[in-house]
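Shown next, in structure tokens, is the structure this report addresses.
The values are calculated or read from the model by the stated rules, or taken from the named source; none is laboratory data. Everything quoted here is computed from the prediction, not taken from an experiment. Heads up, the Cβs are rebuilt from the backbone with ideal geometry, glycines too, and the neighbour counts pull from every protein chain shown.
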Amino acid sequence: MAQNRTISGVVSSVDDGLPLVGVTVIEKGTNNGTVTNNDGQYNIAVSSPNSILQFSMVGMENVEEKVGNRKIIDVRMSPSTVLLDQIVVTGYSTQKKADLTGAVSVVEVKDMMSESGNNPMLALQGRVAGMSVTADGNPSGAATVRIRGIGTMNNNDPLYVIDGVPTKGGMHELNSNDIESIQVLRDASAATIYGSRAANGVIIITTKQGEKGKTIVNFDSYLTLSQYGKTVEMMNTKQYGESLWQAMINSGYDPNANGIGYMFSYSYDENGNPKLNDMLVPKYLVDGTKRMLSSNTDWFDAITRTGEAQSYNLSVSNGTDKGNKFFSLGYYDNKGTIKQTYFNRISARMNSDYKLLDDIVTIGENFSLNKTSELQAPAGVLDLALMALPIMPVKTVDGDWSSVTSGMLDRDNPARVLDANRDNPYSYWRLFGNAYIDIQPIKNFHFKSNFGIDYGNYYQRILTYTYTGRLGEGLNNASQIVQNHFMKWTWSNIANYQFKINKHRMDFLAGTEFNKETDISFSAKKEDFEIENPNYMWPSAGTGETYATGGSTGYALISFFGKANYVYDDKYLASVTARRDGSSRFGKENRFGTFPAFSAGWRISQEKFMNNFKDIIYDLKLRASWGQTGNQEIDNFANRTLIYTNYIGDTGPGINSGTAYDITGSDEGLLPSG
């Protein structure tokens, strides 16, 4: 008769020793199984000492362990060797993961997509070494990404390259479900191929394509709820009054002269220490109107709610020997945890490629069209809620918004601030993508010409409403329209040749790239409207002052680059990269810069003397690299504004206080201008 016995243990990774979650543990030949928990631990009852446990996980090599007389079986799993043959996009070209000599992180998109969220960059937190991701808290999920920390006093965002088209942001406008792969170029040797834009690292994103076979239709959706995990416990009216009394006593002031309306009864004990006996709160706050009843308001609760996000995605893909097609539609809506705030996005994508002339020529395109809209919380409204007095009600007795009295600091009603912003969302249309032609006149030689576009149209109408109360005195209602157009285009031409002779493998790449950006902005504002209604408050209906402003800016970048990779016997690796950029942002004498890089690697695990350690070490590589990257993240016309004169004739140490430099630091004297 079989006697069950319980086996336990921990499953961890060979790479870093961290526990592996979700590893399947099965008694071989049976349906008896379990999975590891968040700490990599498992418990399973087996039928005999001859039982064999099978450990399996996607992306890892399977492991089998015979039970024998053991009660504890700890297992270390290695990544699948198949991953070493994975093709990685490294900038204008691809390489086998095993051949990489630079710091390139490959993100497992399937794991990333198991998390709900709008911005794919947020899901990268904790998945890439040396990379930090923080959200700004708005419903759009806009994120700040830093690779290797802070690299400049200006824009520290990495360069994003989506299907070969560079951009500096707006990842929350990209539908995560359209992503096929993500690679992060973290060091200079890997990122140098992007030259003057690579100082803060490069994130390469490839979107999905159709595959040969049957038509595949996918649909997924989810609904998530969100709320603050931990909130500040707010004082009620009584607690605030007690704290106010104590603070005024400590400062030597009369507590009853607080100006808010609190009345305190207090005395002193035999040691002369003050003691609060009683506290009275007026029925109405002191504002002369008797419209605001003293309340007990939790202002944080008054402006927050449980957030709700919903997502729906539909994709259709198909492929044949002569071409592939991928089409997707997506809808995302997120009602933020701060009342009134929201973000929604409608997205469409069409990717396709077609082979012509016996596969000598391939043409294709990857385009997405997104329409986003967002109502952000007014700046500082959460801080305002944490500072507003609990004695002040949200609304007056006649249903109007309450306002601070003369005895209070100028901290406006946070709920009123949110409501006044309710009609001020922005909308943004973005067309992003590329069209290309790839010609292969001879085997393994490719010439690819790629034209990319990134066009954005931003629109916002900002309405200012009047309101009663001390802070609303003298405020004019107004309507302001903001319209911005952003046009960026990229044209790259790249030649690539790969060949193999015996144990030698080499590939060469050479290319040119042209980038141009033009931004146009316009704003018009009108004051004084007879009717405060969003359907009426267009600038032409106002009768007051008119204000208008506008401008245009832009820059151009021209680049020449090349790269050579060499592999001998799958053991010894070398790579050389060079790029020369010319940017209009710099003066004529400093417009061009050259950015070289060198790297080498030795796959020690492929040597014969490592054969005895194959079951322990699946891949061991020693690599060294050196490289230079550039930084062009300055104002488009910075070279014209670094030095200027100001003829106002004032004295003083400030740079704007005249044309004379106060060399002695005495803040006196005036040299003649010029």
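Worth a mention:
- Residue check for Gln483: within 30 Å of Tyr566 (Cβ to Cβ) and either modelled with pLDDT under 95 or surrounded by fewer than 17 Cβ atoms within 10 Å (Cβ to Cβ) (or both): no
Every residue, every condition in (1) in contact with an Asp or Glu (Cβ under 9 Å, 6 or more places away or on another chain); (2) in a strand (DSSP E or B); (3) farther than 16 Å from Gly407 by Cβ, yes or no:
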| position | (1), (2), (3) |
| --- | --- |
| Tyr240 | no, no, no |
| Met248 | yes, no, no |
| Tyr253 | no, no, no |
| Gly259 | no, no, no |
| Leu276 | yes, yes, yes |
| Asp287 | no, no, no |
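- Strands (runs of 3 or more DSSP E) within segment 102-170 that include 1 or more residues under 30 Å from Pro378 (Cβ atoms) and assigned by TED's automatic domain parsing to the domain that holds Met60: none
- Qualifying residue in segment 225-247 (condition: modelled with pLDDT of 90 or more, β-branched (Val, Ile, Thr) and out of contact with any helix residue (DSSP H, G or I) (no Cβ under 9 Å at 6 or more places or on another chain)): yes
- Every pair of residues 6+ apart whose Cβ atoms lie under 8 Å, when the first sits in segment 276-297 and is within 17 Å of Ser243 (Cα to Cα) and at pLDDT 90 or above while the second is part of a loop (DSSP other than H, G, I, E, B) and among the hydroxyl-bearing types (Ser, Thr, Tyr): Met279/Tyr262; Leu280/Tyr262; Val281/Tyr262; Val281/Ser294
- Once segment 414-454 is narrowed to residues that are assigned to a loop (DSSP other than H, G, I, E, B) and touching a residue at least 40 places away in the same chain (Cβ under 8 Å), the residue that is farthest from Val381 (Cα to Cα) is Pro441.
- Exactly one residue among Thr629, Thr641 is surrounded by 14 or more Cβ atoms within 10 Å (Cβ to Cβ) and modelled with pLDDT under 90, and that residue is Thr629.
- Filtered residues of segment 76-101 (kept if more than 28 Å from Lys448 (Cα to Cα), modelled with pLDDT of 75 or more and outside any loop (DSSP other than H, G, I, E, B)): Arg76, Met77
- Of all residues in segment 180-206 being of a type in the set (S, T, N, Q) and in a strand (DSSP E or B), the one that is nearest to Glu513 (Cα to Cα): Thr206
- Any chance Asp615 is exposed (fewer than 13 other Cβ atoms within 10 Å of the Cβ), part of a loop (DSSP other than H, G, I, E, B) and either in the same structural domain as Met60 (by TED's automatic domain parsing) or not polar (S, T, N, Q) (or both): yes
- Considering residues of segment 34-49 that are surrounded by fewer than 19 Cβ atoms within 10 Å (Cβ to Cβ) and at pLDDT 90 or above only, the residue nearest to Glu108 (Cα to Cα): Gln41
- A count restricted to segment 212-238 and to residues that are of a type outside the set (A, V, I, L, M), out of contact with any strand residue (DSSP E or B) (no Cβ under 9 Å at 6 or more places or on another chain) and surrounded by 13 or more Cβ atoms within 10 Å (Cβ to Cβ) stands at 2.
- Every residue from segment 240-261 that is without any contact (Cβ under 8 Å) to a residue 60 or more places away in the chain and not small (Gly, Ala, Ser): Glu242, Leu244, Trp245, Gln246, Met248, Ile249, Asn250, Tyr253, Asp254, Pro255, Asn256
- Residue under evaluation Lys214, criteria (1) in a strand (DSSP E or B); (2) among the charged types (D, E, K, R); (3) in contact with a Ser or Thr (Cβ under 7 Å, 6 or more places away or on another chain), criterion not met: (3)
- Filter pass, Thr512 being out of contact with any Ser or Thr (no Cβ under 6 Å at 6 or more places or on another chain) and without any contact (Cβ under 8 Å) to a residue 40 or more places away in the chain: no
- Put simply, of Ser265, Ser294 the only residue that is surrounded by 10 or more Cβ atoms within 10 Å (Cβ to Cβ) and within 30 Å of Tyr228 (Cβ to Cβ) is Ser294.
- Qualifying residue in segment 333-352 (condition: buried (at least 17 other Cβ atoms within 10 Å of the Cβ), aromatic (Phe, Trp, Tyr) and in a strand (DSSP E or B)): yes
- Residues satisfying the stated conditions in segment 224-246, i.e. in contact with a Pro (Cβ under 9 Å, 6 or more places away or on another chain) and of a type in the set (A, V, I, L, M): Met234, Met235, Leu244
- Residues of segment 348-388 classified as under 29 Å from the mean Cα position of the chain (by Cα), in contact (Cβ under 8 Å) with a residue 12 or more places away in the chain and under 30 Å from Ser403 (Cβ atoms), total: 10
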